[in-house]
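Structure first, commentary second.
The values are calculated or read from the model by the stated rules, or taken from the named source; none is laboratory data. Just so you know, these numbers come straight off a predicted model, no measurement behind them. FYI the Cβ positions are ideal-geometry reconstructions off the backbone, even for glycines, and counts take in every protein chain you see. Surface accessibility is based on the protein's heavy atoms, side chains included, excluding ligands, DNA and RNA. Shrake-Rupley method; radii C 1.70, N 1.55, O 1.52, S 1.80 Å.
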Amino acid sequence: AFNCGGNYFSNKTLRQAVAYSLDVEELATAQIGDKKFWSVDDGSWFKKGSIWYDEKAGEGVYAKNDLELAKEYLAKSDYNGEPVVIVQGKDDNVESQGAEDLRSQLEKIGFNVEVELYDRATVMEKRSQKEGWAIHLAYFSVWNADPQVWSAWVGTNGWITNWDDENSKKMDEIFAKMLVELDQDARYKLVQDWYNKFWEYVPYVKTIEYSRMNATNAKLQGYANYCQPFFWNTWVEE
């Protein structure tokens, strides 16, 4: 995610430079490792099989990895070599290893990048501010039945991006229509519109999809295997 309210990535052209540059397979290898646990299929936020899946989402942008094009966008922006700070948690290898690989990738196209690793509470505090950070690697669980209740939908001052400009307000308009539209076909077209605008404005960039493997002791009872582990109504049987 970009700090769209900060000094640098309020510039859409600069965000596009990052999007065009990314080698998502390299990033996936750095973050997750074993290819059995990750995929980089397309730019749709909802996977194939979901009624919200769009195979054309992110077409021409997602996983493009075109360094020359990225350099062109960087040159068109107002970036002058200022430090781009990636803020991540030092308690999470997926985040910290991803931050180091992202730094390496962005330096290839001309960014001056610094990685700052903190405890989780400090990361949360830092990314809520408008200054002091530029990029944060985060992840979502895509399990919601309807996009309007999915936290990754963005708009003005939504999520962590401090985003507030004419483009964020266009995303607000799409979201507002989604809240009142009941026809499924019409709702799907709104989702497609959202995908198109998202990949044009890139307030953040989808990188990889990955799965977690949870292992439990046979003595643990009542545990439900879910996208996020939880332990209420569980017990250990001696």
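Between the residues Asn112, Ala134, Gly222, the greatest Cα displacement towards the positive end of the dipole of the chain, with unit charges on the Cβ of Lys, Arg, Asp and Glu, is found for Gly222. Scattering from the chain was approximated by placing one identical point on each alpha carbon and applying the Debye formula without solvent; log10 I(q)/I(0) at 0.15, 0.16 1/Å stands at -1.11, -1.25.
Protein heavy-atom surface of the chain, 1.4 angstrom probe: 48% of the accessible area is carbon and sulfur, with nucleic acids and ligands not counted. Highest mean packing comes first when the peptides 52-63, 21-32 are listed by Cβ atoms within 10 Å, giving 21-32, 52-63. Measuring between their Cα centroids, the stretch 20-75 and the stretch 158-182 lie 23 Å from each other. Overall, the stretch 130-183 carries a charge dipole of about 160 debye about its Cα centre when +1 sits on the Cβ of Lys and Arg and -1 on the Cβ of Asp and Glu, all other atoms neutral. When each of the peptides 214-226, 86-98, 162-174 is scored by how many other beta carbons lie within 10 Å of its residues on average, the order from highest to lowest is 86-98, 162-174, 214-226. For the stretch 9-149, the equivalent ellipsoid derived from the Cα gyration tensor has semi-axes of 24, 21, 16 Å, listed largest first. For the stretch 128-223, a Kirkwood hydrodynamic radius built from all Cα pairs, placed in the Stokes-Einstein relation at 4 °C and 1.567 mPa s, yields a translational diffusion coefficient of 82 µm²/s.
Computed with every protein chain present, the accessible area of Arg120 is close to 80 Å² [probe 1.4 Å]. Once the Cα-Cα distance is subtracted from the 0.36 nm per residue extended length, the Ser39 to Ser141 segment shows a gain of 35.3 nm. Spatially close Lys pairs in the stretch 128-238, defined by Cα atoms under 24 Å apart and a spacing of eight or more places or different chains, total 17.
Would you please give the FRET efficiency between Glu68 and Ser211, computed as 1/(1 + (r/R0)^6) with r the Cβ-Cβ distance and R0 = 35 Å, to the nearest 0.05? Computed FRET efficiency for Glu68 and Ser211 comes out at 0.55. Between the stretch 195-238 and the stretch 105-121, the C-alpha centres lie 26 angstrom from each other. Nearest 0.05, what FRET efficiency do Lys76 and Ser128 give at R0 = 25 Å with Cβ-Cβ as r? Working from the Cβ atoms, E equals 0.25.
Using the Cβ-Cβ distance between Ala121 and Val149 with R0 = 35 Å, the FRET efficiency computed as 1/(1 + (r/R0)^6) comes to roughly 0.85. Overall, the chain carries a charge dipole of about 200 debye about its Cα centre when +1 sits on the Cβ of Lys and Arg and -1 on the Cβ of Asp and Glu, all other atoms neutral.
So how much slack lies between Glu100 and Tyr226, counting 0.36 nm per residue of separation and subtracting their Cα-Cα distance, in nm?
Gain in length upon complete extension: 42.4 nm.
Only lysine pairs 8 or more places apart or on separate chains count here, and in the stretch 1-80 those with Cα atoms under 23 Å apart total 16.
For the stretch 82-192, the equivalent ellipsoid derived from the alpha-carbon gyration tensor has semi-axes of 32, 16, 14 Å in decreasing order.
Rounded to the nearest 5, the antiparallel percentage of DSSP beta bridges internal to the chain is 35%. This model, with +1 at the C-beta of Lys and Arg and -1 at the C-beta of Asp and Glu, gives the stretch 68-165 a dipole about its Cα centre of some 60 debye.
Excluding ligands, DNA and RNA, the accessible surface per residue across the stretch 171-238 is 66 Å² with a 1.4 Å probe. Remark: C-alpha extents of the stretch 95-143 on the principal axes read 32, 29, 18 Å, sorted largest to smallest.
Ranking Gln16, Leu102, Phe37 by how far each Cα lies toward the positive end of the dipole of the chain (charges on Cβ) leaves Phe37 at the top.
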